[in-house]
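First comes the structure, then the notes that go with it.
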Amino acid sequence: MTHLHAVPSRNVSAVLLAAIALTTAAAQRGPGAPAVVSAKLSEWKVELSEATIAAGPVTFTITNAGSIPHAFEVEGAGIERETEPIQPGSTATLTLTLKPGTYEAYCPVGEDSHKKLGMETHLNVVGPKSSGSATVESHTSEMDESPAGPEKLQAIRVTGGGPVIQILPGPFPFPDSAAPILKAFGDEREGLESQVKNGPYSNNVTPISGTFTFNAWDKGATRDSVDGTAEFVTQDGARWKLVMDRVQTKDVPHHPRFGGVIMGLYYHGVTQVHTPLVPTINSAVALWAFAHLYKNDALVTDKAMVHVMLLSRTRRDGDFALECWNCSKNKIEELQLQILPGPGEPKFDAPGGFLFVNWEKSSSRKPAS
Ligand SMILES: [Cu+2]
């Protein structure tokens, strides 16, 4: 894509001067020594000390300033190189020789789930120009920083189908797999560990009946929305109705909300993104909402906390026990609806104080506009 002019040898020193003038990083290096760019990783961003560097050898010094393991990858102009995972508080280096072009610098952890969370930035690498003039260089960088295309609206319509099950409190079936992940959860660890023993991620399930349909819109970090209704009859014969009309947006450590709705996320389980008491999964859509909840036609709350995802199957046919710790390769057809009381509200009058219902063979499509 980028055309390099052949450079007559007599112009080499002028070219070098032009390249060195480009950036502080370049200015700091001696001839032949790699440029140094520092990269800071944290939840959920990648910060580079330089936005633009001259082509040639470059050493990235990478610090994980976050609270979970990350890694660093540089991709573009035909190269793709990454570090090993970097533990919180640790550093690593990556030395590359970069041609002119635009590169992505991102965290590759979790099959790009961290990248989707925002751990992504760009690095422009500019080539020497025979004229060496500032005009030429600024023209180049304008071209490299081409504006993003038109904002893409992602929308999905999900319909629950197949067997409907209610999940009742019980032990999590993969406690040893979750234990090392839970160590990283800080203040939240205690509550999660009590859910390992007796929580909503159990094999204690019962068949029920119900319907669930919603539309969700993922517009990025803000302006996401959701619109949908679920109706179901629980094991005890109670009729519940849930009406979702707005998203939750506030991030909690280890529990990012992605603005409310996110499509195509790989998370839970080993990823350290959201609870490891759900196996590692891929989701077509995940969302966090506030909802109106009714029981036998009486309003229970206007601010029920709801987490919904259409995900790769975690439960087997028949008894609907959790069948895998890594379920990310399974068919995406399980629709999970988890409902908790709003902040400060009493537990629901249901086993464990929560409502957790799955539609095991669900489907999605683009909604009619
Ligand atoms: Cu990361």
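Cβ contacts < 7 Å: first residue in a loop (DSSP other than H, G, I, E, B), restricted to the range 99-114; second residue more than 8 Å from the ligand (Cβ to nearest atom) and polar (S, T, N, Q), any location; separation 6+ or different chain. Result?
As it stands, the answer is PRO100/THR2; GLY110/THR271, since those pairs meet every condition given.
Spot the failing condition for GLY199; the list is (1) open to solvent by less than 30 Å² (accessible area, probe 1.4 Å); (2) of a type in the set (Gly, Ala, Ser); (3) at pLDDT 95 or above, and only one is missed.
Every listed condition holds for GLY199 apart from (3).
Here is a list: GLU142, GLU151, GLU137. Which entry is in contact with a strand residue (DSSP E or B) (Cβ under 7 Å, 6 or more places away or on another chain), modelled with pLDDT under 95 and more than 12 Å from the ligand (Cβ to nearest atom)?
Exactly one residue qualifies, and that residue is GLU137.
Condition first: assigned to a loop (DSSP other than H, G, I, E, B) and open to solvent by less than 50 Å² (accessible area, probe 1.4 Å). Now tell me which residues in the range 287-301 satisfy that.
Across the range 287-301, there are no qualifying residues.
Determine, yes or no, whether VAL226 is assigned to a helix (DSSP H, G or I), open to solvent by less than 30 Å² (accessible area, probe 1.4 Å) and either modelled with pLDDT of 95 or more or more than 25 Å from LEU293 (Cα to Cα) (or both).
no
Condition first: of a type in the set (A, V, I, L, M), surrounded by 20 or more Cβ atoms within 10 Å (Cβ to Cβ) and in contact (Cβ under 8 Å) with a residue 40 or more places away in the chain. Now tell me which residues in the range 302-321 satisfy that.
ALA304, VAL306, VAL308, LEU310
Note down all Cβ pairs under 7 Å where the first residue falls in the range 346-360 and is over 26 Å from ASP317 (Cα atoms), the second is open to solvent by less than 40 Å² (accessible area, probe 1.4 Å), and they're at least six residues apart or on different chains.
LYS347/PRO341; LYS347/GLY353; PHE348/PRO341; PHE348/PHE354; PHE348/LEU355
Answer with yes or no whether SER194 is more than 25 Å from the chain's Cα centre (by Cα), part of a helix (DSSP H, G or I) and either touching a residue at least 24 places away in the same chain (Cβ under 8 Å) or closer than 19 Å to LEU340 by Cα (or both).
When the stated conditions are applied, SER194 passes them.
Provide a single number: the residues in the range 39-73 that are among the polar types (S, T, N, Q), within 12 Å of ALA105 (Cβ to Cβ) and within 14 Å of the ligand (Cβ to nearest atom).
Of the residues in the range 39-73, 0 are among the polar types (S, T, N, Q), within 12 Å of ALA105 (Cβ to Cβ) and within 14 Å of the ligand (Cβ to nearest atom).
Just for the range 74-99: of the residues that are open to solvent by less than 20 Å² (accessible area, probe 1.4 Å) and in contact with a Leu (Cβ under 9 Å, 6 or more places away or on another chain), which one is farthest from the ligand (Cβ to nearest atom)?
So, considering only residues that are open to solvent by less than 20 Å² (accessible area, probe 1.4 Å) and in contact with a Leu (Cβ under 9 Å, 6 or more places away or on another chain), the one farthest from the ligand (Cβ to nearest atom) is LEU98.
Out of (1) at pLDDT 95 or above; (2) touching a helix residue (DSSP H, G or I) at 6+ places or on another chain (Cβ under 9 Å), what's the single condition that is false for ILE68?
Among (1) at pLDDT 95 or above; (2) touching a helix residue (DSSP H, G or I) at 6+ places or on another chain (Cβ under 9 Å), ILE68 violates only (1).
Quick test of your reading of the structure: ALA105 fulfils all but one of (1) open to solvent by 70 Å² or more (accessible area, probe 1.4 Å); (2) at pLDDT 55 or above. Name the failing condition by number.
Single failed check for ALA105: (1).
Which residue, of PRO276, PRO367, PRO343, is open to solvent by 40 Å² or more (accessible area, probe 1.4 Å) and either out of contact with any Pro (no Cβ under 6 Å at 6 or more places or on another chain) or not hydrophobic (A, V, I, L, M, F, W, C) (or both)?
The match here is PRO343.
The values are calculated or read from the model by the stated rules, or taken from the named source; none is laboratory data. Bear in mind the structure is a predicted one, so any value in this text is a computation, not a measurement. Reconstructed Cβ throughout: ideal geometry from the backbone, glycine too, with neighbour counts over all protein chains shown. Please note that ligands, DNA and RNA were not included when accessible areas were found on the heavy atoms of the full protein model with its side chains. Shrake-Rupley method; radii C 1.70, N 1.55, O 1.52, S 1.80 Å.
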